[in-house]
Amino acid sequence: MEKFVYQFAEGSKEMKTLLGGKGANLAEMKNIGLPVPPGFIISTAASNAYNANEKKLPQPVMDEIQIHLSELERETGKQFGSNENPLLVSVRSGAPVSMPGMMDTILNLGLNDQAVRGLAKLTGDKRSSFDSYRRFIQMFGDVVFHIPAYKFEEALSAIKKKKQYTLDTELTAEDLEQLTETYQNLYIEHTGKEFPQDPYTQLKLSINAVFESWMNPRAVVYRRLHDIDPNLGTAINIQAMVFGNTGDKSGTGIAFTRNPSTGEKRVFGEFLMNAQGEDVVAGIRTPLDITSLETVMPSVYQELMTICADLETHYKDMQDIEFTIEKEKLYILQTRNGKRTTQAAVKVATSLVHEGLISKEEAILRIEPKQLDQLLHPAFDKQALESSVVLATGLPASPGAASGQIYFDANSAVSQVELGTKVILVRNETSPEDIEGMAKSEAILTAHGGMTSHAAVVARGMGKCCIAGCAEITISEKDKTLTTISGQALREGDFISLDGTSGHVYVGQIKLTEAEVSEHFHELMDWVSDVKKLTVRVNADTPSDFKTGIHFGAEGIGLCRTEHMFFQDERIRFVRQMIVSENAEERNKALAHLKMMQKEDFIQLFRIAAGRPVTIRLLDPPLHEFLPKEKKELELLAHDMGKSLRDIEKVVHELVETNPMLGHRGARLAVTYPEIYKMQAEAIMESAVSVSSEGISVFPEIMIPLIATAEELMFVKKEIKASVQDIFERERMILPYDIGTMIEIPRACMVADEIAKEAQFFSFGTNDLTQLTFGFSRDDVGKFLPSYMKNGLLKADPFATIDEGVRLLVETAIKKGRKTNPHMKMGVCGEHGGDPASVRIFHEIGLQYVSCSPFRVPIARLAAAQAVLLAPKMLEASAK
Ligand code: PEP
Ligand code: MG
């Protein structure tokens, strides 16, 4: 017969799936001899049986509960349902995965109008008995019948006001007795029924309600956000009550074995005397620092300190412990691995290694890679954030946090910054001419575009906070207003705050905490380097991005987008001249300027690289990002080209594409105008020769974008090779270099064996590959992707985490490519290269490197190391 209920003695910390985290740890603590109040656990199997039985507790479960209740009665010498010597219990949820505050708890269950008096008589403490009763009615009413908590709070405040008390502890036994009556009336008002006096009815309703709370909206949302399996169900812990509210020799509190903000090795926590659990978190009375317990109750303090140390050694991790003191006797009600800031996580993990409790590998696995963002970027002060109002939510395109005044165009943003204003640049979408505005602003908010839109990619490269595709706002760049769906309108100069990690936009300013990288971080990252197999490179187009990447451990450049090197005002002029050229002569003139600029840039990059590989991708400008739009820009271009405004307008009009992402870009540009890539190849190799002559080793990798066929690659490559050969002959120098291709078109994946014959490396452009595999425009996903996510049609944003279908294409290309070119280098330079879940997949499918924006380099390194450590576990699991 299936078993649904377990005694603590039957459980252990390994049984979280069946007993829930709280239950498994209570069992473990009981079994290692810690003072845990006696009790039992209704398993998650019962939760599933409850759901399968049309939300009714099956009789066999009830029967088992009855047996364990009798056992509990024997153990405590009290009786459930007795009016003279009542056994009171707590009913607490406990899911297999910690979901703090998401589900419900009921304390003091078993009290009724008679039992409360019996208890008072037995303990000689009428006050605490009625205090327990009024708390029970409130919790029961709230959890089982959803009576709003504020109704009870109002009644409590009313009596305190009437009696002119400031603290709950000033309430007398009579006040509390009266309050239980008021609460019962509230109960009747809300439910139309009397408060149930039968403890078995109370218990059954409470168990049902806790099982139901698994499906409450906040729990559902929490699970979705944290990717928790909705079928796990919750366990329920039934424990004999211990009372922290029985006078000034009793109390309750929380202790972290280390400081959860800093990781410092010192017990951190707080407590309240004469209180029950919820008082500590309710914030009505100010709890005392845990260190003052030493003065209040020295022996209990010592015992607690010893238990903290023992639990930490036992669990080999920082613990978050709940305790209650009943008349100077200490009880431990819960232990779990404590939630902590990233700074603390890194310090705790490295310290535990030094203390010999865990291995370096274990320490690496303890840190969630994405958490590192918290260390590398400023974040909002947690407390300040709690009181802030979310205005809208968009895609969390680039992490960090920023507050500032909104401006709707790059020029206003730049001039405001020059006046000392902190600016948030708000645009429908960004384009290259916004670059200076983006660079100078604190953060960027766009209404359109996805995780790989221009704004997202550029902001990540800059390490700047960005929320993209915020479909919940409408922006009028003309009227300089931002309007939310609820109709709230903000104007130029109004303050907003962006959290690029959550995607939330807030009204007003929020206090920030600065980023800081500690020695512990560097130590951890050294261990990471020893473990990981994937090389991590940086996507960098500027010397400063490259330096940042190297600072964070990048092993070369995996993608230098040359078109991004022309974003600044002066430079974009020449790209535009090149684009609108109507003949080779005009084009060559523009190209000559561009070549000079490119050489300057490449020389700097090669110097910084100091022999590390530098993958330079030849021009791939999606035209809509580069064509002039505003009259001023068109006039300037007309002037530069010595043409009339009308003529230029006409050319630009002809160049406008219906679908620029599928248009005249990448290698297609070189097929039409071979002189463009010829210029770039010359610029690269002339710079390489020059830096090599300085005694610095160089290793350029010339990369051709948007290749679909082997013939296309051969055509483009031939021209490049010829130019490089000319330079080598002219300079009488031969340098090692590679020519490779991006694989970012599904067709290229399917014919990768043919393409591989012509390439020395493959770099998967998973941004375009995702766009083209789904047929989802990178720049328009903001309009429909949120609906896909909300309806559960996609588990994750495919532009952020590699999709299964795209992964299959990459795998196919790897296999096919290696068949004809077994030793070819293969990596990823799409935005997925910095996403931990994707990095793990790239490791598993046999890529050699990933490349990502500078601030994601540490994240990718950590994820790469974890991929190695988790791989054997996966193999073990699949062998079972
Ligand atoms: C890609 O498509 O993945 C890529 C890296 O190129 P881009 O984002 O510049 O199109
Ligand atoms: Mg691409």
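The values are calculated or read from the model by the stated rules, or taken from the named source; none is laboratory data. None of the values given here were measured: they were computed from a predicted structure. Note: ideal-geometry Cβ built from the backbone for every residue, glycine included; neighbour counts use all protein chains shown. For the accessible areas, the whole protein counts, side chains as well, though only heavy atoms, and no ligand, DNA or RNA atoms are used. Shrake-Rupley method; radii C 1.70, N 1.55, O 1.52, S 1.80 Å.
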Ser787, sole failed condition from (1) modelled with pLDDT of 95 or more; (2) assigned to a helix (DSSP H, G or I): (1)
Could you check Leu713 against (1) surrounded by fewer than 24 Cβ atoms within 10 Å (Cβ to Cβ); (2) among the hydrophobic types (A, V, I, L, M, F, W, C); (3) assigned to a helix (DSSP H, G or I); (4) more than 16 Å from ligand 2 (Cβ to nearest atom) and say which number it fails? (4)
Looking at the stretch 102-175, what helices (runs of 4 or more DSSP H) fall wholly within it and have at least 3 residues that are modelled with pLDDT of 95 or more? 115-123, 126-145
Unmet criterion (only one of (1) open to solvent by less than 40 Å² (accessible area, probe 1.4 Å); (2) aliphatic (A, V, I, L, M); (3) closer than 27 Å to Ala401 by Cα) for Val517: (1)
Return the residues of the stretch 753-766 that are over 20 Å from Leu618 (Cα atoms) and open to solvent by less than 10 Å² (accessible area, probe 1.4 Å); say none if nothing qualifies. none
Only residues that are part of a helix (DSSP H, G or I) and of a type in the set (Gly, Ala, Ser): list them for the stretch 837-853, please. Ala837, Ser838
How many residues, within the stretch 374-389, are closer than 17 Å to Gly508 by Cβ and open to solvent by 70 Å² or more (accessible area, probe 1.4 Å)? 5
If you go through Ala688, Ala638, Ala670, the only one that is away from ligand 2 (no atom under 16 Å from the Cβ), more than 37 Å from the chain's Cα centre (by Cα), under 30 Å from Ala756 (Cα atoms) and surrounded by 14 or more Cβ atoms within 10 Å (Cβ to Cβ) is Ala688
Going through the stretch 485-499 one residue at a time, which ones are in contact (Cβ under 8 Å) with a residue 60 or more places away in the chain, not aliphatic (A, V, I, L, M) and not in a strand (DSSP E or B)? Gln488, Glu492, Gly493, Asp494
Quick count over the stretch 793-814, residues being of a type outside the set (Gly, Ala, Ser), assigned to a helix (DSSP H, G or I) and surrounded by 14 or more Cβ atoms within 10 Å (Cβ to Cβ), is 7
Being open to solvent by 60 Å² or more (accessible area, probe 1.4 Å) and more than 27 Å from Pro58 (Cα to Cα) is the filter here, so list the residues in the stretch 1-32 that pass it. Lys30, Asn31, Ile32
Does the stretch 747-762 contain at least one residue that is closer than 30 Å to Ser690 by Cβ and within 15 Å of ligand 2 (Cβ to nearest atom)? yes
Output the residues belonging to the stretch 767-792 that are among the aliphatic types (A, V, I, L, M), more than 26 Å from His226 (Cα to Cα) and surrounded by fewer than 22 Cβ atoms within 10 Å (Cβ to Cβ). none
Sole residue being open to solvent by less than 50 Å² (accessible area, probe 1.4 Å), out of contact with any strand residue (DSSP E or B) (no Cβ under 8 Å at 6 or more places or on another chain) and either within 16 Å of ligand 2 (Cβ to nearest atom) or not in a loop (DSSP other than H, G, I, E, B) (or both), chosen from Glu675, Glu719, Glu701: Glu675
Glu582 meets each of (1) in a helix (DSSP H, G or I); (2) over 29 Å from Asn767 (Cα atoms) with one exception, condition (1)
If I ask for residues that are more than 15 Å from ligand 1 (Cβ to nearest atom) and open to solvent by 10 Å² or more (accessible area, probe 1.4 Å), which ones from the stretch 842-870 would you list? His843, Glu844, Ile845, Gly846, Gln848, Phe855, Arg861, Gln866, Val868, Leu869, Leu870
Yes/no for Val810 being more than 22 Å from His454 (Cα to Cα) and within 15 Å of ligand 1 (Cβ to nearest atom): yes
Under the condition of being part of a strand (DSSP E or B) and within 16 Å of ligand 1 (Cβ to nearest atom), which residue from the stretch 722-747 is surrounded by the most Cβ atoms within 10 Å (Cβ to Cβ)? Ile743
Mind listing whichever residues of the stretch 84-103 are within 20 Å of Ser132 (Cα to Cα) and surrounded by fewer than 16 Cβ atoms within 10 Å (Cβ to Cβ)? Glu84, Asn85
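Conditions tested, residue by residue: (1) loosely packed, with under 15 Cβ neighbours inside 10 Å; (2) in the same structural domain as Pro786 (by TED's automatic domain parsing); (3) farther than 29 Å from Leu225 by Cα.
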site: Arg491; (1), (2), (3): yes, no, yes
site: Ile496; (1), (2), (3): no, no, no
site: His504; (1), (2), (3): no, no, no
site: Glu523; (1), (2), (3): no, no, yes
site: Leu559; (1), (2), (3): no, yes, yes
site: Arg576; (1), (2), (3): no, yes, yes
site: Ala584; (1), (2), (3): yes, yes, yes
Please go through the stretch 816-837 and give me each residue that is more than 11 Å from ligand 1 (Cβ to nearest atom), in contact (Cβ under 8 Å) with a residue 60 or more places away in the chain and under 24 Å from the mean Cα position of the chain (by Cα), ordered by number. Gly834, Pro836
Candidate set: the stretch 815-834, residues that are part of a helix (DSSP H, G or I) and open to solvent by 40 Å² or more (accessible area, probe 1.4 Å); chosen: the one nearest to ligand 2 (Cβ to nearest atom): Lys816
Could you grab me the full set of residues in the stretch 641-667 that are among the small types (Gly, Ala, Ser) and more than 16 Å from ligand 2 (Cβ to nearest atom)? Gly642, Ser644
For the stretch 604-635, which positions are within 16 Å of ligand 2 (Cβ to nearest atom) and assigned to a helix (DSSP H, G or I)? Leu623, His624, Glu625, Phe626
Selection from the stretch 764-786 of residues more than 8 Å from ligand 1 (Cβ to nearest atom), out of contact with any helix residue (DSSP H, G or I) (no Cβ under 9 Å at 6 or more places or on another chain) and closer than 26 Å to Thr741 by Cα yields Gly775
